[in-house]
Structures are given as C-alpha cells and as structure tokens.
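Take a look at the structure below.
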Amino acid sequence: MKQVRIGIVGFGAMGGQHAGYLTKNKVPKAVLTAVADVDPQKLDLAKKKCGPDIQTFSCIEELLAAKCCDAVILSVPHYFHPPYAIMAMKAGYHVIVEKPAGVYTKQVTEMNEVAKTAGVVYTMMFNQRTNPLYIKVRDLVQGGELGEIKRVIWIITDWYRSQSYYDQGGWRATWSGEGGGVLLNQNPHNLDLWQWICGMPSRVRSQVYYGKHRNIEVEDDVTALVEYPNGATGCYITTVGDAPGTNRLEISGERGKIVVENGKIHFSRLRIPEPEFNAAYKGGLGKPEVWEMEVPLGKGTYTSHAGITANFCDAVLEGKPLIAPGEEGIKGLMISNAIHLSSWTGGDWVDLPVDQEKFYQMLMEKAGK
C-alpha cells in the first residue's frame, strides 16, 4: 500500500476542511475516497467539492461495509466520536478522531480499550501539537530548562463568540447535543497542550458560569485551579465573552519563567536557580539575577490538520510514532470533566483520575437522557 485511502464521516465545517487539504494533495500519502453524512445536501456538496468519483454514503455503517477506504476521519458531533471510532476499529479501520475525544471519560476509556486490541492506528486531531511555538515550549519544560515547575497560568479568553453564533441553533451549546460549552468546543486543544507541556494535575477545583454572557445552557466562563503531584499550582481561565481577549501562557519554575504570548516565547532565566539562591543568600532583601531573552522557535513550520493526517499516514504505512496518540485524548477531557464536576458539587476539590461514573450520571441528568 502506497497511499492510505481515507473516508470522512461528517461533512460539516471540519469535514469540509479535511476534504480541502486532501483533495489538494497536501498529504501525498493519503487519498480521499469516501464521505458519509446523514444530510443528503452535504453529500451533494461533497460531490461538488471532491469530484464526481468520490463515493458517498448516508451513514458510517454503509461506508465501512463498502470497504472503499483504509481509515476514517470522524468529524461528527462529540457524543458520536467514541461509538463511531469503536465501530470502525472493530471493522479493522484506522481512525482519526476530531477533538474532543468524547464528552465524558467513561466512553473514551472504552474507546481506548478497544483500540488496544483492534491492532489499528488511532490518533487525535490535536493539530496544535504541530505548532513550532508549543513544540518549543514543551521542549524547554520537558528538557529541564525551567527546573521543577512551581506555577502555571493560562489565560485563554480570545475565544469570542457572539449570541448570533449560538442562535444558528443545531446541536451546539446544549448538554444533550454537544455535552458542554467553551471547554468542550473551543478549549480541547488548549487543555491538551496544557497537559502535554506541563503534565497532568492531581486535583482540580473550579468556578464555572453557565449562560453568563450568552443565552445558552452550557458553560461560557470558567476559572479553574489545579494542583500538581509535586505541589505546584495552576490557574486556567477561559470564556467566550471577552473582547478583546487574551492568550497568555505563563510557566514558572525553579530556573525562571516562560511567557508565551503573541506567537513569541519570552524566557526570564535565573542565573542561579531560586532554591539555590534562597539557600545561600544572606543579604536580607534581594533576588536572583535574571537574564531576559526571546527564545527562537527554530525552522519548523505549523502544518496543522494536514500535518496530523500526514503523520497518521506515516504511522499506518511505515510504523512511525504518532504526534498525537489516540489514547492521550482522554487527558485534556479528564481535566474538563473535573472542572465541571467540581462546579456541580459546590466548587470542592476533585481528584484525578476523575470519578467517571459520577460525572456521567450528573451529565446525563443535565442532558435529560
């Protein structure tokens, strides 16, 4: 096999975006052969956009039965990600799952368990992992340039959405259709990057507002506090209601502080690590010498969705390691679930791993299922 034959399940905005780069041959080792969608109008659109040779199906079951592809990209509403992935895996198909991995970790755990025995390649569409900015930040943190982490703050409030965005209706911004709001729609990439760079926290507590800025039933304003196994703390703030918003990631450690903002990395590097300075300094008021510097990003380019798909094809054809292994999709979702669970139980601390059954039961009550 020289190319991976790909079918897209769900031809909405994201499905159409995946079709765009595939039909333009931006992933040479992939060829788009099929599209499935329950909406006949979207199948007509797929024919116009992808050419008359594309095979179209009214459901994923028909696409899988046709054996016209080797892998599927799932671009369907969030609740359907795990069941469709499981269906495809059991039928022997390789799978790319759009973000988020699912709505609740209970269903994603099942998806991960099936993937272990299915013998297929399984990846998450975490395209931000191809961004040289975050690759460099992760390298600095994981490589020990900061020493042990002490504090992490991410203010990600530039996810502005107007009321008219929500007034379009559909499954979005509902508990029964989408399963959440700003955390599940806009923030899965950021939550994934947060844990990818800094690791998973051990517990979470939160203050969450539902319909504070917009006439929706799900969350639109979130402040979460976390604690890491080493005692480090973190704060995560997000909303759809701020204009202009902010995207600022600040990571403090024993050897200084990294600030990621406006596409740049600023490193305030301590000449002497803070614990060493504190142990040795006897002059009363004083602080370590700081070297201020901009960190170069290197020569890499941001390949986004096409980059994840190209890496996926390399894994299928040549066994190369994945940038975003599918089983890691549960991590950011677990933080999201813990944020909600803390809010629903009075703002108390929620330990990770999250209580999957408790979260599921409370979510189903809100969704009326």
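The values are calculated or read from the model by the stated rules, or taken from the named source; none is laboratory data. The shown structure was predicted, so the numbers you read here are calculated from the model rather than taken from an experiment. Positions of Cβ are generated from backbone atoms using ideal geometry, with glycine treated the same way; all protein chains shown enter the neighbour counts. For accessibility, only protein heavy atoms count, side chains too; no ligands or nucleic acids. Shrake-Rupley method; radii C 1.70, N 1.55, O 1.52, S 1.80 Å.
Odds and ends about this structure:
- Hey, GLU294 at pLDDT 95 or above and open to solvent by 50 Å² or more (accessible area, probe 1.4 Å) or not: yes
- Flag for TRP154 being in a strand (DSSP E or B) and closer than 30 Å to GLY256 by Cα: yes
- Listed here are the helices (runs of 4 or more DSSP H) enclosed by the stretch 177-282 that have at least 3 residues being out of contact with any strand residue (DSSP E or B) (no Cβ under 9 Å at 6 or more places or on another chain), open to solvent by less than 30 Å² (accessible area, probe 1.4 Å) and modelled with pLDDT under 95, and there are none.
- Looking across the stretch 183-226 at every residue that is under 16 Å from HIS340 (Cα atoms) and charged (D, E, K, R), the one that is farthest from the chain's Cα centre (by Cα) is identified as LYS212.
- Output for the stretch 159-173, where each listed residue is in contact (Cβ under 8 Å) with a residue 60 or more places away in the chain and either more than 16 Å from the chain's Cα centre (by Cα) or under 20 Å from PRO201 (Cβ atoms) (or both): TYR160, ARG161, TRP171
- Number of residues in the stretch 53-99 that are in a helix (DSSP H, G or I), open to solvent by 20 Å² or more (accessible area, probe 1.4 Å) and over 23 Å from ASP192 (Cα atoms) equals 6.
- Restricting attention to the stretch 327-369 and to residues that are in contact (Cβ under 8 Å) with a residue 24 or more places away in the chain and basic (Lys, Arg), the residue that is most open to solvent (accessible area, probe 1.4 Å) turns out to be LYS369.
- Residue check, GLN107 touching a residue at least 24 places away in the same chain (Cβ under 8 Å), open to solvent by 10 Å² or more (accessible area, probe 1.4 Å) and over 19 Å from VAL316 (Cβ atoms): yes
- Extreme residue, farthest from LEU270 (Cα to Cα), among residues of the stretch 135-166 that are of a type in the set (S, T, N, Q) and open to solvent by 30 Å² or more (accessible area, probe 1.4 Å): SER164
- Scan of the stretch 1-11 for residues that are touching an Asp or Glu at 6+ places or on another chain (Cβ under 8 Å) and either modelled with pLDDT of 95 or more or within 10 Å of ALA46 (Cα to Cα) (or both), ordered by number: VAL4, ARG5, ILE6, VAL9, GLY10, PHE11
- Taking first residues from the stretch 131-152 that are within 15 Å of GLU274 (Cβ to Cβ) and partners that are β-branched (Val, Ile, Thr) and open to solvent by 20 Å² or more (accessible area, probe 1.4 Å), the Cβ contacts under 6 Å between residues at least 6 apart in sequence or on separate chains come to ARG151/THR233.
- None of VAL152, VAL103, VAL120 is closer than 29 Å to LYS299 by Cα and modelled with pLDDT of 95 or more except VAL152.
- Qualifying residue in the stretch 324-344 (condition: modelled with pLDDT of 95 or more, assigned to a loop (DSSP other than H, G, I, E, B) and closer than 25 Å to GLY234 by Cβ): yes
- Contact annotation: residue pairs with Cβ atoms under 7 Å, 6 or more positions apart or on different chains, pairing a residue in the stretch 76-103 that is farther than 15 Å from LEU363 by Cβ with a partner that is part of a helix (DSSP H, G or I) and among the polar types (S, T, N, Q), are ILE96/THR309.
- When restricted to residues that are free of Cβ contacts under 8 Å to residues at least 40 places away in the same chain and open to solvent by less than 10 Å² (accessible area, probe 1.4 Å), the stretch 21-45 contains 3.
- Condition check for ARG129: under 19 Å from ILE237 (Cα atoms) and either surrounded by fewer than 16 Cβ atoms within 10 Å (Cβ to Cβ) or modelled with pLDDT of 95 or more (or both): no
- THR301 falls short on exactly one of the conditions (1) under 27 Å from the mean Cα position of the chain (by Cα); (2) surrounded by 14 or more Cβ atoms within 10 Å (Cβ to Cβ), and that condition is (2).
- Within the stretch 8-19, considering residues that are outside any loop (DSSP other than H, G, I, E, B) and open to solvent by 10 Å² or more (accessible area, probe 1.4 Å), the one nearest to SER75 (Cα to Cα): MET14
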